[in-house]
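Visitor: Input: one structure, supplied below.
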Amino acid sequence: MTRPSDEDQARELAATTGRSYDDALRLVHISHKTRLTVAEAAFALGHPLAVLADGPGERAVVGTSGLGPQLRDVRLAYGTGRFPDFVVITSIPMAGEAVEDHLLPEVLSNFLRFRDKTHEELKGTSPRESWDRAEAAVPEAVEIAFAGVTTAGTRISVDGLSALRVPYLHGQVVVGTSDADLPALALTD
């Protein structure tokens, strides 16, 4: 069985989603790529992505959840080290799905496990230990500048590392950082 052509896939996608044929064809082409640009990821998600307003250095798409029209999360990283200085995740659940509650402790857990650790040090750490520490962190209410508006959010912190969450549309934005200051967020296409 052969795979339908990109054009056939685009026609079917346009018919089932109401997108224009050109937009559907662009989405089909994007779904075949392994490394997305920020603009491609925003187009595939169907919403602007959250970014650091005054981000240090270049941002790069380092991961997504879902593919093509089922894209749910886009993960951006900032920094040039082995592990990023900042991670910004824009998460928009599909219709009928709930907001992922585990995303906030997951981001903090990853920062606890990987930040400033050598390969040898990682061998001696337990993913379960960092997850338990992140889960035990006490949430605190914070206000963060998001798209020019002060927005209520939640932050959890352990050992100077933080993860914060703010609502966005019917989803959320989660930021992981080692910076003590709250970052300002903007939106980009």
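Visitor: Scanning for something within 15 Å of residue 114 (Cβ to Cβ) and exposed (fewer than 12 other Cβ atoms within 10 Å of the Cβ), does segment 125-136 turn up at least one residue? Spell out the reasoning first.
Guide: Just the residues of segment 125-136 that are within 15 Å of residue 114 (Cβ to Cβ), to begin with: 125-131, 133-134.
From what's left, exposed (fewer than 12 other Cβ atoms within 10 Å of the Cβ): 126, 128.
Yes, that holds for at least one residue.
Visitor: While we're looking at this one, here's another question. Report, by residue number, each residue of segment 129-163 that is part of a strand (DSSP E or B) and touching a residue at least 40 places away in the same chain (Cβ under 8 Å). I'd like the intermediate steps shown before the answer.
Guide: Pass one, segment 129-163, residues part of a strand (DSSP E or B): 140-146, 149-158, 161-163.
142, 144, 145, 146, 154, 156, 157, 158, 161, 162, 163, listed by residue number.
A quick yes/no check of all residues on (1) open to solvent by 60 Å² or more (accessible area, probe 1.4 Å); (2) on the phi > 0 side of the Ramachandran plot; (3) in contact (Cβ under 8 Å) with a residue 12 or more places away in the chain; (4) outside any helix (DSSP H, G or I):
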{"site": "25", "(1), (2), (3), (4)": "no, no, yes, no"}
{"site": "34", "(1), (2), (3), (4)": "yes, no, no, yes"}
{"site": "56", "(1), (2), (3), (4)": "no, no, yes, yes"}
{"site": "61", "(1), (2), (3), (4)": "no, no, yes, yes"}
{"site": "74", "(1), (2), (3), (4)": "no, no, yes, yes"}
{"site": "94", "(1), (2), (3), (4)": "no, no, yes, yes"}
{"site": "99", "(1), (2), (3), (4)": "no, no, yes, yes"}
{"site": "105", "(1), (2), (3), (4)": "no, no, yes, no"}
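Visitor: Determine, yes or no, whether residue 84 is of a type outside the set (Val, Ile, Thr) and part of a loop (DSSP other than H, G, I, E, B).
Guide: Working: of a type outside the set (Val, Ile, Thr): yes; part of a loop (DSSP other than H, G, I, E, B): yes.
Considered against the rule, which asks whether it is of a type outside the set (Val, Ile, Thr) and part of a loop (DSSP other than H, G, I, E, B), residue 84 comes out as yes.
Visitor: Quick check on residue 47: is it assigned to a loop (DSSP other than H, G, I, E, B) and at pLDDT 85 or above?
Guide: Details: assigned to a loop (DSSP other than H, G, I, E, B): yes; at pLDDT 85 or above: yes.
Yes; evaluated as a whole, the condition is true for this residue.
Visitor: Do you know which residues across segment 142-155 are open to solvent by 10 Å² or more (accessible area, probe 1.4 Å) and in contact with a Ser or Thr (Cβ under 9 Å, 6 or more places away or on another chain)?
Guide: Those that are open to solvent by 10 Å² or more (accessible area, probe 1.4 Å) and in contact with a Ser or Thr (Cβ under 9 Å, 6 or more places away or on another chain): 142, 143, 145, 155.
Visitor: Filter segment 167-187 for residues that are under 19 Å from residue 65 (Cβ atoms) and either of a type in the set (Ser, Thr, Tyr) or without any contact (Cβ under 8 Å) to a residue 40 or more places away in the chain (or both); which is surrounded by the most Cβ atoms within 10 Å (Cβ to Cβ)?
Guide: So the first thing to find is which residues in segment 167-187 are under 19 Å from residue 65 (Cβ atoms), and the list is 167-176.
Adding the requirement that they be either of a type in the set (Ser, Thr, Tyr) or without any contact (Cβ under 8 Å) to a residue 40 or more places away in the chain (or both) leaves 167-168.
Details: 167: 14, 168: 22.
The extreme case among them is 168.
Visitor: I would also like to ask the following. For residue 87, which of the numbered conditions (1) surrounded by fewer than 17 Cβ atoms within 10 Å (Cβ to Cβ); (2) in contact (Cβ under 8 Å) with a residue 24 or more places away in the chain fails to hold?
Guide: (1)
The values are calculated or read from the model by the stated rules, or taken from the named source; none is laboratory data. Worth saying up front: this structure is predicted, and the values here are computed from it rather than measured. Every residue, glycine among them, receives a Cβ derived from its backbone with ideal geometry; neighbour counts consider all protein chains shown. Just the protein is used for accessible areas: all its heavy atoms, side chains included, with ligands, DNA and RNA removed. Shrake-Rupley method; radii C 1.70, N 1.55, O 1.52, S 1.80 Å.
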